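Student: The structure under discussion is supplied below as structure tokens; questions concerning it will follow.
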Amino acid sequence: MVAQLEAYVRNVYWSAIGRPRRELVTPALILDLDVARRNIQFMARRLSGMKAKLRPHVKVQKSAELARLQIEAGAIGVCTATVWEAIVMSQSGIEDVLIANQVGGKEKIKALAAAAKNGRMSVAVDDVQNARDLSDAARAAGSRLEVLIEVDVGMGRGGVRSPEEAMTLARRVAHLPGLRFRGVQGYEGHCMLEPDRSLRIQKAGAAMDYLGTVTQRLAAAGFDCVVVSAGGTGTYDITGNHPGVTEIQAGSYVFMDNFHGNLVPGFSHALTVLGTVVIQHGNTLVLDSGRKSVGIDFALPTMVDYPFYQARYFAEEHALFDVDERCRLKLGDTVELIPGYAPSTVNLYDAYHVVEKNVVVDIWPIIPRGPGHCGLLT
């Protein structure tokens, strides 16, 4: 099913091959492959001196091609946000996949258990009943799921709320057939939004210290945490240096959007959205790339050629910029936007226009977005 969908998407967009990047039908999602490779190599070099390994979060990219490039550069596997992403990664040949969230609902749990027959599948849990449901599904499928107990390290979303809860859950998991305790996960997402670097270091350090306390309590009770998974792009160099963390879940670094670009240096913008000036009135330009074309979460998109202009408004289909005499854009011209937030940008598209030396050289499908992409719906 995945191969068929990939072939369909490539066929639909194939006419773009060979076109200059600024001459595509808009809005168009552009991936500069040379820049993405540089970002991948930069992250690999930065983590080479740290204890933690990289398990890139592919909720950002939803691309097996990029995942393979990351693994070739030293990543130990991938993590995903959804079971559908996990299944597509597994079907694409990625051998070690972590769903860094809880999976609930009969059909999704059943699909996860079935996928675990074809490769290592790990999943986060923070509830005994959820663990029982996973166990029942794994037994029925004849598979095994590896489990990370999620610990709430301050974000207030998923995760057990105390070392005692973690201990209780670990004991239950140890006796459930079809499950194997592998370690813990603690996502310090509340630190990711901290713009002050010194405060981010302080907050992330405190979160990881607490996670370390939980792992030590578990180890003392006989539950060794082979995996301690944490971190994101905004804290990769902080959490990656913590002695108790074994893997980092950074993902957005491969694209580097405006939000993350304000947090961590060293990466370049590999992902852009091409738009066309469709309306021009005086000093106001309107592009055909609004909120349904580019992610505006956490930070606003900016024009590559004119980064000093702040958008006045993003409507569903339009982006409004007030410009001055420095701007040379006119009606019908195209311009690239750097997304405010890459994950919610990629999710709007079916394909990347992959460019090298400013020419489209390939089409990479973006397909792991639901059960229909996994052959689970008819």
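Student: Look at the stretch 315-346 and say how many of its residues are assigned to a loop (DSSP other than H, G, I, E, B) and touching a residue at least 40 places away in the same chain (Cβ under 8 Å).
Tutor: Count: 13.
Student: While we're here: With the requirement that a residue be under 17 Å from S48 (Cβ atoms), under 16 Å from the mean Cα position of the chain (by Cα) and hydrophobic (A, V, I, L, M, F, W, C), what does the stretch 222-253 give you?
Tutor: Matches in the stretch 222-253: I248, A250.
Student: How about the stretch 143-179: which of its residues are in contact with an Asp or Glu (Cβ under 7 Å, 6 or more places away or on another chain), free of Cβ contacts under 8 Å to residues at least 24 places away in the same chain and either not assigned by TED's automatic domain parsing to the domain that holds N130 or not in a loop (DSSP other than H, G, I, E, B) (or both)?
Tutor: Listed by number, the list is empty, since nothing qualifies.
Student: Look at the stretch 310-354 and say how many of its residues are farther than 19 Å from V25 by Cβ and surrounded by 17 or more Cβ atoms within 10 Å (Cβ to Cβ).
Tutor: Residues that pass the stated criteria total 11.
Student: Within the stretch 212-222, can you find the residues that are touching a residue at least 40 places away in the same chain (Cβ under 8 Å), within 13 Å of A170 (Cβ to Cβ) and either surrounded by fewer than 21 Cβ atoms within 10 Å (Cβ to Cβ) or in contact with an Asp or Glu (Cβ under 6 Å, 6 or more places away or on another chain) (or both)?
Tutor: R217, A221
Student: Looking at this structure, is G74 loosely packed, with under 15 Cβ neighbours inside 10 Å and either of a type in the set (S, T, Y) or in a loop (DSSP other than H, G, I, E, B) (or both)?
Tutor: No, not satisfied.
Student: Kindly indicate the residue of the stretch 261-281 that is of a type in the set (G, A, S), outside any strand (DSSP E or B) and in contact with a strand residue (DSSP E or B) (Cβ under 9 Å, 6 or more places away or on another chain) and also surrounded by the fewest Cβ atoms within 10 Å (Cβ to Cβ) among those meeting that condition.
Tutor: Among residues in the stretch 261-281 that are of a type in the set (G, A, S), outside any strand (DSSP E or B) and in contact with a strand residue (DSSP E or B) (Cβ under 9 Å, 6 or more places away or on another chain), the one surrounded by the fewest Cβ atoms within 10 Å (Cβ to Cβ) is S268.
Student: Right, something else. Restricting to the stretch 151-176, what's the tally of residues that are aliphatic (A, V, I, L, M) and within 27 Å of the chain's Cα centre (by Cα)?
Tutor: 5
Student: Residue by residue through the stretch 171-226, note down the ones that are over 24 Å from A131 (Cβ atoms) and among the acidic types (D, E).
Tutor: Within the stretch 171-226, E194, D196, D209 qualify.
Student: When the stretch 54-84 is examined, which residues are found to be touching a residue at least 40 places away in the same chain (Cβ under 8 Å) and out of contact with any helix residue (DSSP H, G or I) (no Cβ under 7 Å at 6 or more places or on another chain)?
Tutor: R55, H57, S63, E65, I76, G77, C79, T82, listed by residue number.
Student: For Y352, state whether it is farther than 24 Å from V12 by Cα and outside any helix (DSSP H, G or I).
Tutor: no
The values are calculated or read from the model by the stated rules, or taken from the named source; none is laboratory data. Predicted model, so just to flag it, every value in this text is computed and none were measured. All Cβ positions, glycine included, derive from the backbone under ideal geometry; neighbour counts span all protein chains shown.
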